[in-house]
Amino acid sequence: MRTEQYLAAILDELNRVREAVAGEPAEELAEAILEARKVFVAGAGRSGLMGRAFAMRLMHLGVDAYVPGDTVTPALGAGDLLLAGSGSGETKSLTAMAQKAKSLSARVALVTVARESTLGRLADLTVTLPGAAKEETGLQRSTVQPMGSLFEQTLLLFYDALLLRLMEKTGVDGAAMMSRHANLE
């Protein structure tokens, strides 16, 4: 296939994913974010990059949001939310974070392909996105893309849609968000 044909195939996959995202868990996640004292957005690899982008947008929204491992990340505690993005739900570092968060009386939310995973069993709230985790290979895959690309793309789009819902719920508009945008660039 030519590059533009691959792009069309990717867009078709993303359209199929859109139809399969359940609304109620996403609404519960929006409420959990708004109720949390602080939100810690975690992920590994490319899923972690999607999480970093979402944490930045949460900060623009006025949410006290952090990325675990950054030097300015404070302690997590009761009343806080750990939001993990993991296609497989088996990422060891995220599992350890979730266990620690639970021991500190924080809530754990997960966005994943694998609801019945280790992280899925630890999470208080799980949003399941359709797609293939990077570990899935062979004929059973529902995507033309390698590894976890479909999940990572869907995760970024889901986080952007969730942000729009949070903007609606809080009444914060783009201008207010822009006032919190970095200005030492």
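Here is how the numbers come out for the structure above:
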{"quantity": "Among (1) in contact with a His (Cβ under 8 Å, 6 or more places away or on another chain); (2) modelled with pLDDT of 95 or more, the one test that residue 181 misses", "calculated": "(2)"}
{"quantity": "Qualifying positions in segment 166-179 - at negative phi and either surrounded by fewer than 16 Cβ atoms within 10 Å (Cβ to Cβ) or of a type in the set (Val, Ile, Thr) (or both)", "calculated": "168, 169, 170, 172, 173, 174, 175, 176, 178, 179"}
{"quantity": "Qualifying residue in segment 158-177 (condition: within 30 Å of residue 3 (Cβ to Cβ), outside any loop (DSSP other than H, G, I, E, B), of a type in the set (Ser, Thr, Tyr) and modelled with pLDDT of 90 or more)", "calculated": "yes"}
{"quantity": "Residue, nearest to the chain's Cα centre (by Cα), within segment 59-76, restricted to residues that are of a type in the set (Gly, Ala, Ser) and more than 23 Å from residue 170 (Cβ to Cβ)", "calculated": "69"}
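Conditions tested, residue by residue: (1) modelled with pLDDT of 95 or more; (2) within 20 Å of residue 66 (Cα to Cα); (3) β-branched (Val, Ile, Thr).
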| site | (1), (2), (3) |
| --- | --- |
| 81 | yes, yes, no |
| 85 | yes, yes, no |
| 98 | yes, yes, no |
| 104 | yes, yes, no |
| 113 | no, no, yes |
| 120 | yes, no, no |
| 139 | no, no, no |
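The values are calculated or read from the model by the stated rules, or taken from the named source; none is laboratory data. All of these numbers come straight from a predicted model, not from anything done at the bench. A quick note on method: Cβ atoms are made from the backbone with ideal geometry, for glycine too, and the neighbour counts reach across all protein chains shown.
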